[in-house]
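Structure first, then comments.
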Amino acid sequence: MDEIHVPNDATYSPVSLTDLIATAPLASRILLGATLPGRVLSAAALGMYAGSAIKDWVSRREVRWIDFQREFGCDVKTLRPMPESERRKEVSRLGVRLSQGYTDERIPRAELAVSVNHHLTEYIAGITGQRVYTSSQVRDFTLAKLVFPFAMGVCDVVSGDVALFRDTGIFEPHIICHEFVHRQGYWKELHAQALSYLALMASGDPVMVQAALAERLHRQLKVLAGDDHQAYHDLVDRLDLREELADQLHALRPDPGAYESSVSVVMKKLYDERMKLTGQNGLSDYDEGFTNFLWTFGGSSSARQERWQTEV
Ligand SMILES: [Zn+2]
């Protein structure tokens, strides 16, 4: 099979180069009382960052990208809305399946990242006939955490740097896989959600399948509850899930702290606008778009990929 190796050098740097570029001048001013070493350090980081990004870009020139419309019968702008009654039925089925298949197995993050990356690479290769190998490195911290407090993780699409902001429990395989789809070069959120779900389901690994199904349930609940926090928690309680699962779903929607909520409101609005400017539907692509994607794909007569992948 055709193979491509994306170097992702920036992801192997001991600290995030993006952070270094942002903070080096300030740090050196405090530590050294001078700005020149800061500028030198900052320029060096910028050079490494740009060099890595260019190498990745060059390696990607021969990538065969997935044509979502052709393969799944839908894409960002051709989604059909899933009826609310169908959402409610799916939520019940997901709840039952998750409770029955529950596993408390937890794989250490670094090991999990390698495994997730393998399954994602294989899934994409099954569609395109091409294996695109990328880094499995994941960071625990970058400054982006302060800017996107509502996010679980982030991928810098230029450098491919991925950071996870917290312990995300059973969702961790999905969070990592979502960011790794971006690292593959698919920067749209709908594509990251969809490919992550399908790749994890296809893996057959109980820990990965559980993460995919839990994410699907979480997103359906978000669509049904909208902005109403209490409605979300009530929906979780009514599902009669195993306690471990219910706890994790509740934990995804804590009452936000003052800083988080004010920053979140502003940043979410900006992010939503930015998504719309880049040919996406907005933040709704994470939940409504994602669930509509599975619904449209499942009912498509033109999709080349097997539609049973969407069944619960
Ligand atoms: Zn994303």
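Values in this text are rule-based calculations from the coordinates and carry no lab data. Quick caveat: nothing in here was measured; it's all calculated off a predicted structure. Reconstructed Cβ throughout: ideal geometry from the backbone, glycine too, with neighbour counts over all protein chains shown.
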Net charge over other residues, Cβ less than 14 angstrom from the Cβ of residue 52 (K, R count +1; D, E count -1): -1
Result: in segment 68-310 the number of Lys pairs with C-alpha under 26 Å apart, spaced 8 or more or on different chains, is 20
Length added when fully stretched, residue 277-residue 130, from 0.36 nm per residue minus Cα-Cα: 49.9 nm
For the Cα atoms of the chain, what angle does the longest principal axis make with the long axis of helix 84-100, in degrees from 0 to 90, nearest 10? 80 degrees
Work out the length of the dipole vector of segment 68-310 about its Cα centre, built from +1 on the beta-carbon of each Lys and Arg and -1 on the beta-carbon of each Asp and Glu, and round it to the nearest 20 debye. 740 debye
Assuming a ≥ b ≥ c are the square roots of the Cα gyration tensor eigenvalues, decide whether segment 68-310 counts as rounded (a/c under 1.5), prolate (otherwise, with a/b larger than b/c) or oblate. rounded
Roughly what % antiparallel, to the nearest 5, for the DSSP beta bridges in the chain? 40 percent
Full-extension gain in nm, residue 12 to residue 96, via 0.36 nm per residue minus C-alpha separation: 26.2 nm
What residue among 211, 50, 194 shows peak mean-square fluctuation when the chain is described by a Gaussian network model with Cα springs under 10 Å? 50
Return the single residue from 261, 203, 59 with maximal mean-square fluctuation; model: Gaussian network over the chain, springs between Cα atoms under 10 Å. 261
Assertion target for 158, 265, ordered by fewest C-beta neighbours within 10 angstrom first, is 265, 158
By the scheme Lys and Arg +1, Asp and Glu -1, what is the net charge of all other residues having a beta-carbon under 10 Å from that of residue 312? +2
Using a Gaussian network for the chain with springs between C-alpha atoms less than 10 Å apart, which of these wobbles most: 145, 222, 77? 77
For residue 69, net neighbour charge (Lys/Arg +1, Asp/Glu -1) across residues whose Cβ lies under 12 Å away: 0
Based on DSSP H runs of at least 4 residues, each adding -39500 (n - 2.57), what is the mean residue ellipticity at 222 nm of the chain after dividing by all its residues, to the nearest 500 deg cm²/dmol? -19000 deg cm²/dmol
Is the shape of segment 72-139 rounded, prolate or oblate, going by the alpha carbon gyration tensor and its root eigenvalues a ≥ b ≥ c, with a/c under 1.5 for rounded and a/b larger than b/c for prolate? oblate
